[in-house]
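The values are calculated or read from the model by the stated rules, or taken from the named source; none is laboratory data. Predicted model only: the values in this text are computed from it and were never measured. Cβ atoms come from the backbone with ideal geometry, glycine included; neighbour counts cover every protein chain shown. These accessible areas exclude ligands, DNA and RNA; they are computed on the full protein's heavy atoms, side chains included. Shrake-Rupley method; radii C 1.70, N 1.55, O 1.52, S 1.80 Å.
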Amino acid sequence: MLEQIISIVRQAGETVLSARGISARTYEKSSAADLVTEFDLAVENFLKEKLPPLCPGAVFFGEEESENADPSRGWAFIVDPIDGTTNFVRGLKQSAISVALACDGAVEYGVVYDPYKDEMFSARRGGGAFLNGRPIRVSQRPIEQGVFGMGTAIYRREYLEPTMRLTEQLFKRSCDFRRLGAAALDLCNVACGRTELFFEYSLCPWDQAAGSLIVTEAGGFVCTLEGKPLTLTDRCSVWASNQVNKDVLKELEV
Ligand code: IPD
Ligand code: CA
Ligand code: CA
């Protein structure tokens, strides 16, 4: 199953790489900060056609068109066709395709593909996490020697103040931080030890489903900022870290 998902996601990456005239094919959803392009739709439609036959009975829960599917019951593909759409539109080349296959609310398979770097992150529950087929592990650096990633929960501006407060607390204890603009890649960066932790106050299931399995299968730790398990039924906050920094969350004012 994992190999088949990987093969389909790799093909979908060609649409991202060959995209031209992106600005003219970009539309605002709720605001200028909430964009969709014809390429998001093309990738999602491609995945919607190719993925469900791999798992008969599975529902398809995509960011752009989810047909009221419930991703927390039975088998479900949970798909972000382009995570990091703003990066994509602006030519920042930092976006990914994220696909999870979950059963009854537990993610069983996760694939995150960065077509620009040709980096394919993947994991199967209980089977470890991989980058281009090689096993990956979280880092062992404490936050004091670490770099963390954060997201600004752009679609929920009410989280601005807590986001900045948490960033300040972590920045004071760390070397530096990054705001990449693609949560799925932020999670994979923790998984392969490029960063020590990541947080965001509000993410949708398609942003975090695949990446969170990749983090845990790489030996990392994932929960909400309240210390609860992540959910596929709604938006939630996300904290992901290596083991060394697992308890840092308890020391912070969230
Ligand atoms: C967004 C990105 C961004 C994160 C937002 C997400 P999109 O996804 O992952 O980094 O801060 O919360 O919604 O809209 O580019 O698919
Ligand atoms: Ca996303
Ligand atoms: Ca998206």
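Computed quantities for the displayed model
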| item | result |
| --- | --- |
| Residues being away from ligand 1 (no atom under 16 Å from the Cβ) and within 18 Å of residue 118 (Cβ to Cβ) - total across the stretch 1-28 | 11 |
| Test: residue in the stretch 1-18 that is surrounded by 12 or more Cβ atoms within 10 Å (Cβ to Cβ) and assigned to a loop (DSSP other than H, G, I, E, B) | no |
| Test for residue 106: is it closer than 11 Å to residue 210 by Cβ, modelled with pLDDT of 95 or more and either assigned by TED's automatic domain parsing to the domain that holds residue 6 or open to solvent by 50 Å² or more (accessible area, probe 1.4 Å) (or both) | no |
| Residues (within 13 Å of residue 85 (Cα to Cα), small (Gly, Ala, Ser) and either touching a Phe, Trp or Tyr at 6+ places or on another chain (Cβ under 9 Å) or assigned to a helix (DSSP H, G or I) (or both)) located in the stretch 19-37 | 19, 23, 33 |
| Pairs, first over 14 Å from residue 241 (Cβ atoms) in the stretch 181-201, second more than 16 Å from ligand 3 (Cβ to nearest atom) and among the polar types (S, T, N, Q), C-beta under 6 Å, six or more apart | 201/163; 201/237 |
| Any hit, the stretch 204-218, residues being modelled with pLDDT of 95 or more, at negative phi and not in a helix (DSSP H, G or I) | yes |
| From the options 254, 238, 244, residue that is touching a Leu at 6+ places or on another chain (Cβ under 7 Å) and open to solvent by 10 Å² or more (accessible area, probe 1.4 Å) | 254 |
| Conditions (1) outside the structural domain of residue 245 (by TED's automatic domain parsing); (2) in contact with a Gly (Cβ under 7 Å, 6 or more places away or on another chain); (3) open to solvent by 60 Å² or more (accessible area, probe 1.4 Å); (4) within 14 Å of ligand 1 (Cβ to nearest atom): number failed by residue 86 | (3) |
| Single residue of the stretch 54-69 satisfying the filter (assigned to a loop (DSSP other than H, G, I, E, B) and open to solvent by less than 50 Å² (accessible area, probe 1.4 Å)) that is nearest to residue 204 (Cα to Cα) | 63 |
| Candidates 226, 200 - the one that is within 16 Å of ligand 3 (Cβ to nearest atom) and not in a helix (DSSP H, G or I) | 200 |
| Only listed residue being in contact with a helix residue (DSSP H, G or I) (Cβ under 9 Å, 6 or more places away or on another chain), outside any helix (DSSP H, G or I), open to solvent by 20 Å² or more (accessible area, probe 1.4 Å) and among the charged types (D, E, K, R), chosen from 137, 141 | 137 |
| Residue that is farthest from ligand 1 (Cβ to nearest atom) [pool: residues in the stretch 29-50 that are at pLDDT 95 or above and out of contact with any helix residue (DSSP H, G or I) (no Cβ under 7 Å at 6 or more places or on another chain)] | 49 |
| Selection count, the stretch 145-178, where residues are assigned to a helix (DSSP H, G or I) and either open to solvent by 60 Å² or more (accessible area, probe 1.4 Å) or among the charged types (D, E, K, R) (or both) | 12 |
| Close pairs (8 angstrom Cβ cut-off, 6 or more residues apart or separate chains): in contact (Cβ under 8 Å) with a residue 24 or more places away in the chain and hydrophobic (A, V, I, L, M, F, W, C) in the stretch 108-128, part of a loop (DSSP other than H, G, I, E, B) and open to solvent by 10 Å² or more (accessible area, probe 1.4 Å) anywhere | 120/132; 120/133; 121/136; 121/192 |
| When residues of the stretch 179-220 are limited to those that are among the charged types (D, E, K, R) and away from ligand 2 (no atom under 11 Å from the Cβ), the one surrounded by the most Cβ atoms within 10 Å (Cβ to Cβ) | 196 |
